[in-house]
Every structure is written in C-alpha cells, then in structure tokens.
1. Report, by residue number, each residue of the stretch B:271-280 that is at the interface with chain A (Cβ under 7 Å from one of its Cβ atoms) and either of a type in the set (Phe, Trp, Tyr) or under 26 Å from residue A:240 (Cα atoms) (or both).
2. Quick test of your reading of the structure: residue A:293 fulfils all but one of (1) within 10 Å of chain B (Cβ to nearest Cβ); (2) assigned to a loop (DSSP other than H, G, I, E, B). Name the failing condition by number.
3. So, in the stretch B:228-248, of the ones that are among the small types (Gly, Ala, Ser) and open to solvent by 10 Å² or more (accessible area, probe 1.4 Å), which residue ends up nearest to the other protein chains (Cβ to nearest Cβ)?
4. Take the stretch A:249-261 and flag every residue that is open to solvent by 10 Å² or more (accessible area, probe 1.4 Å) and either assigned to a loop (DSSP other than H, G, I, E, B) or facing another protein chain (nearest Cβ under 9 Å) (or both).
5. Could you figure out which of (1) among the small types (Gly, Ala, Ser); (2) farther than 21 Å from residue A:211 by Cβ; (3) open to solvent by 10 Å² or more (accessible area, probe 1.4 Å) isn't true of residue A:112?
6. Report every pair of residues separated by at least 6 positions or lying on different chains whose Cβ atoms are under 7 Å apart, first residue within the stretch B:140-158 and free of Cβ contacts under 8 Å to residues at least 24 places away in the same chain, second of a type in the set (Val, Ile, Thr).
7. Can you confirm whether residue B:201 is touching a residue at least 40 places away in the same chain (Cβ under 8 Å), more than 21 Å from residue B:254 (Cα to Cα) and of a type in the set (Phe, Trp, Tyr)?
8. Among the residues of the stretch B:207-227, count how many are away from chain A (no Cβ under 14 Å) and buried (at least 22 other Cβ atoms within 10 Å of the Cβ).
2 protein chains.
Amino acid sequence: MTIPVWLSFRTSLVVVESLTFRSPEGGTGRDGRAAGWEYGPMIIDCHGHYTTAPPAHQQFRDAQLARLDDPSRPAPVPARISDDEIRETIENNQLKLARERGTDLTIFSPRASSMGHHLGDQASATEWARRCNDLIHRVTGLFPDAFAGVCQLPQVAGEPVDDCVKELERSVTELGFVGANLNPDPSGGHWTSPPLTDEYWFPLYAKMSELGVPAMIHVSTSCNPAAHTLGAHYLNADTTAFMQLVSGDLFTRFGDLKFVIPHGGGAVPYHWGRYHGLVTREKYRPIADNVMRNVFFDTCVYHQPGIDLLTSVIDPDNILFASEMLGAVRGNNPDGDFSWDDTKRYVDASALSDADRSKVYELNTRRVYPRLDARLKAAGK
Amino acid sequence: MTIPVWLSFRTSLVVVESLTFRSPEGGTGRDGRAAGWEYGPMIIDCHGHYTTAPPAHQQFRDAQLARLDDPSRPAPVPARISDDEIRETIENNQLKLARERGTDLTIFSPRASSMGHHLGDQASATEWARRCNDLIHRVTGLFPDAFAGVCQLPQVAGEPVDDCVKELERSVTELGFVGANLNPDPSGGHWTSPPLTDEYWFPLYAKMSELGVPAMIHVSTSCNPAAHTLGAHYLNADTTAFMQLVSGDLFTRFGDLKFVIPHGGGAVPYHWGRYHGLVTREKYRPIADNVMRNVFFDTCVYHQPGIDLLTSVIDPDNILFASEMLGAVRGNNPDGDFSWDDTKRYVDASALSDADRSKVYELNTRRVYPRLDARLKAAGK
C-alpha cells in the first residue's frame, strides 16, 4: 500500500488495515480513531471537466477551425503548455475545491462544451480529440492520485465511428484512461444521428466491451438557437438517451456495456412514474431488467430536493457521485453560503443509509469503471 | 346559479351559498353537511386531450395527407360524426375517469400527437386545425359544464403565424375557447424554429394578449427517430421552452402573456437549483421576476415523489392541476391499484396546505384562464 502518497492528498483521513476513517466535519487532523472520526467511503467524483485549461489549448482549436474556413491560413501550431501552467489551473480550481469538499479522486475529461462535434471534419475532429485527451493525460500524470482520465471521441455526425474506436483504444491502452464521453447528438442540437440502440454505434460498443470501459452520455455545445446548451440541451440529451435505451434492447446484445447518464439523469427520475407507465403501455421490457443493469445516473443536481428525489426514486446501486465541477453552474447560492455544485453537501444530507452512501460515493463507481478499480486496488485502496 | 345542472355533474358535492362541500373519500351522497364532508375547491384539470375521437376524424386527416402525396386522389370528405359517437367516446373515457376521480371540469384540446405540424403545408394545416377545433367545440357543446375548449394552431415550421392568429381568434370569439396549444417546435423534433422569445411569434402573442387567453406550450409527434414522442420529445420541449424564457425577456414586452408548461415543467423543477445557478452565472434577471409571473407548470407527473418535488420547489401560485388524461400514460400502476395518471391522488397526498391545494385545483387556473373564470362566474361558480 502506498499510504504516504495517498495521505498527502486525502488530508482528512487515515487508512488503517484497509478501513478508512474520516472526520464528519472534514477536519484536517490525522490522528486516526480520535473522537468524531467515523468510517467513510472514498469519495470519487465521476464527472469533472478540464474547463480551466490554459488558453493556448483553445487557441489551437480556434486556429484549426479558422483554417478550415480559410485553407490559405498556416497550419495551427500545437499549444505549448508547461507543467506549471497545468498545475496552476488545476490546483487553483478543481483540485482546490475537491480538497475543500473532501473529494478524493475525480474522473476527468476534456471540456464538454468545447468538444464541438458539429464543427469541422473528421480529420480536424480527430486531431482535436487527440490534443484534448493528451492534455487530460498530462493532468492525470501530474496528479495521479487525484484524477483518472476519460477521453473525448472524435465524433462527426454522419461519419462512421472508426476514428472514435481508434481514439478510444489509444486513450485506454496508451494513456491509461478509464472511460469515454459519448455524444448522442454530434450535430449539436439537431439530433441527426440514429438512436444509441442503432448498429451505427456498435463498433464503438464492441471496443468499449473489449476494453472494459464505460461511457458517459454527454453532448457538447448546442449550435441550435432553440436549445440553450447548459439549461436545455444537456438535460434533454440525458432524457433522450434514456428513452432510447428504454425503448430498445441494446444490452441484450452488449451485456457488459455500461453508460453513465449525467446531470442526475436529465428529467428521468422526476418522471420515473411516466417511464414505468410508458413501459407498461408500450409493452417494453421492464426498466429494471432492460436498462438498469447497465445504466447509471450521476448526482449533478444542484439542490437538496432534487438529490432527495434522485436518491429516493433510483436504486442506490445506480447512482454515482459527481459534481460536474467546474461545470455548468459555478459560484455560491445566494441563499446559502455554499456553491451550487457542492453536491456532496446534498448527498450527505440525503436519507441514504451509510451503506448506500458508500455505494454512491465509491463502490458503484469502482464497479462501473473497472479499470479505475483495478488501479486503486493495485495501490492498496 | 344553475345548481341543478352543476350538481348533475359534480356528483360528490353540493353548493350552498357559493361554498362547496366535498366528501374527502369522494362519496356519492348529496346530503350536504353530513359527517365526513368538508370544504373543497372545484377541481379543474387544465390539460386533457381528445385522444379518443371517433376514427372518422383521423381518417379525414389520413386522406388529406395522402392527397398531398398524390394530388390525383379525391378531396377528402369531412368526417361525419354523430353527437352520439362523441358522447360515447367522451362518456366512456375522459368523463368516466373525471367523474371517478372527482374532476369537475377539464380544459380540453385536440390530440397533441396528431397535430402533426411537420406534415403537409399551410393550407392543409389550417384545414386540419379547423376540423380539430370544431370537433372540440362539439364536445364542449355537448358537455358544457365538464369541458372548456383549447385550440390547436395551424403551425408550419418556417411559415409566418398569420393563420395561427386567425384560427386563435376564431376559436376564442366564435367557438368560446379559453386558450391555445402552442408548439415551440413545429418541425417535430429537429427544432428549426426560433426560440419563443423571438419576434417571429409576436403576432400570436399580441392576439393572445388582446383576447386574454394563455397558451400551453405543447409539441406534437416527434418525427425524429432519436427522440421518442412521449418519453423524450414532450419533456425536452418543456425544458427547452422554459430555458428560452429564462434567457430572454419576453414578458417585459408582453406583460399579460401567460404560458402553461405541461408535464410538470419537464426537467425544470428537478433541476431548480441548476436554473438558479445558471441565472446567477449568466446574469439573467431573477426567475421569479422575469418568468414566474407569467409561466405555470401543470401536475402531469405520474408518481408521488415527483409531485412532492414539484409542490415543494415551485411556488404553489405557479402550479395548475392536470392529468393529461387520456394522455401519454394509461392503465394501472401494477404496484398499486390505481392509474398512473390519477394525479389528483398525488396532489391530495402532497404536503400542500389546504389553501395552496385550492390554488392548484382551482384558483390559479381561473386566474390563468380568465375567460374560463368569467364563464364560471356567470354560472354562479
């Protein structure tokens, strides 16, 4: 067990014979079984984005897209970003908040809104995905205990997923990533791609199954003026993807495939009765058997009543802790003295049992991301 | 006061000096202040559809669309539907359930999924809307105490709303309707129309304001294979429309305009914290001032936890009782002995105070639909 490294990050706990003790107040003492300490799970946030990447990264992208519009422009120069720049953008943002809130490890991916699958062509999408994933790899290299990588796929609406399969394999086998973000609408708000149950996606699912990695279903920016990216398109995609899975039988074919639907599952838990009623009416297979062995919702719901609904309606085995941090909603709730996206606060205050809370914080995520679990086990965690 | 007619429908209550007494168990006795009776509001369901129209109605539509594909076909003959057929389809379905559940009046509109704004041209859309609205008018004529009409608009994506303005005026002034259904995406799932805050829609809003009628924001069938009509498109439209309004300032211009967002507001109440966080981040005007003076959510959420969330998060002044009956979800919950869409059961069991429950069941709806209120008042209700 590499306890010293581990403890340097997990400032508020000690590991004793593989049991973890934590101060419920998040205190910084390390004196083990002192009063006020109790058993607690590792806290894994399954949904973080590198939204604070150094500006040179986006500048490369801008130059790349400008050249697609005007081929007479020079080829864009790859961004030069130092390790110190990466450290600074992480330590002062995601890692600072993670430490304050008690998150131990974040599953980290490129900025979702910048994936921009509706822009450019296959070659530019592939190059951009590689650069984004390489940047995430540098983060996970600099902070190996605090972050695990999830890759952006070079999707282009209407194009086959061949390059996605290659980039997924490279990200997992060469960069050590533990999952992917899969965009169900690479058109950016016009929904021109077939449902996730369509064979169009199957080569990607086959590779995911082979590699043992899940995908988070996550769209990028909406280029449709009707659908606000953060306030409509993201949530609609979650809802849409879930219903595609409910009305299909994808997991009969890909039994080991696992999807995480972010943002608390979009509208789904709030309308849980509607989905069950539709299943009855349409004679679909029961959701529990047909979908919920393979599909998980994260906890990116930014108020207590929402988390209470999620945790009371959805089986705790299907909920993964996440904050989307730094994501759609930043800054403090003016009615309280805490950040909207401090979802740990809501999960802690929910009516989950300690056993179920451990599933949400740690155990489910280790089950859904087996490559992360293997790495943690290898490190004695 | 036309008490006899009124009592013939409201079987479980009596009207005494304009106070209403109701059995909490929904008993059928009419002996007034007997034990077990208590004061209760009128129950108005603001969201019902004529999903059980006689088949000849849809056959006309099918013939109309077939002729658009093949102009050599004969002009479709208007459906011949007898009063008895209408009575039978209403009394054995919507009215039967309304009586069983204790609903007094339903705000009733043509089948939403059959509006089909993505099919045909302006002329066919206009004719179809007129026939649908005329059929609703026959229902309200046969059952004047049980139904109030809401019209379908002859929307066509990309076409101006001129015909919609005309049909709205006809429906309100000639047919006595009290509102309209407004489709924010007449393309049927590709979202090609501008946001509801765009001036494209303003002629319709001007007419709505002039007539004093609200609109329910309600899409029709999805022709997009990615988006299931009932399990994704409907909810996405609710979410999308709300965010359009949050990010705009439509009600600064149209201060009296009122929208009802159905299906419990889509994903919105579940993500109430997200919306408030987005407003803070994007420096939009506060939702309470900018939107919630003019926007209302219905109670078409088909399980108790969903209604509990809705009624705890959204101001009771902004919630209107509705069942969508007979709508997306029919049949009984196999885990209980009641219909999924018996939303009165959930509203009754929610933590709303009696005063707030009266708002949800009656008072808010009379405020949002002033033409209905005027009619009820004229009838002494």
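The values are calculated or read from the model by the stated rules, or taken from the named source; none is laboratory data. Quantities reported herein were computed from a predicted structural model and do not represent experimental measurements. With ideal geometry, Cβ positions are generated from the backbone for all residues, glycine too; neighbour counts draw on all protein chains shown. Accessible surface areas use protein heavy atoms only, side chains included; no ligands, DNA or RNA. Shrake-Rupley method; radii C 1.70, N 1.55, O 1.52, S 1.80 Å.
1. From the stretch B:271-280, those at the interface with chain A (Cβ under 7 Å from one of its Cβ atoms) are B:271-275, B:277-278, B:280; that's our starting set.
Residues satisfying the conditions are B:271, B:272, B:273, B:274, B:275, B:277, B:278.
2. The single condition residue A:293 does not satisfy is (1).
3. So the residue we want is B:247.
4. Matches in the stretch A:249-261: A:249, A:254, A:255, A:256, A:258.
5. (3)
6. Here the result reads none, with nothing in the stretch B:140-158 linked to a residue that is of a type in the set (Val, Ile, Thr).
7. Details: touching a residue at least 40 places away in the same chain (Cβ under 8 Å): yes; more than 21 Å from residue B:254 (Cα to Cα): no; of a type in the set (Phe, Trp, Tyr): yes.
So residue B:201 does not fit the description; no.
8. Final tally of qualifying residues: 7.
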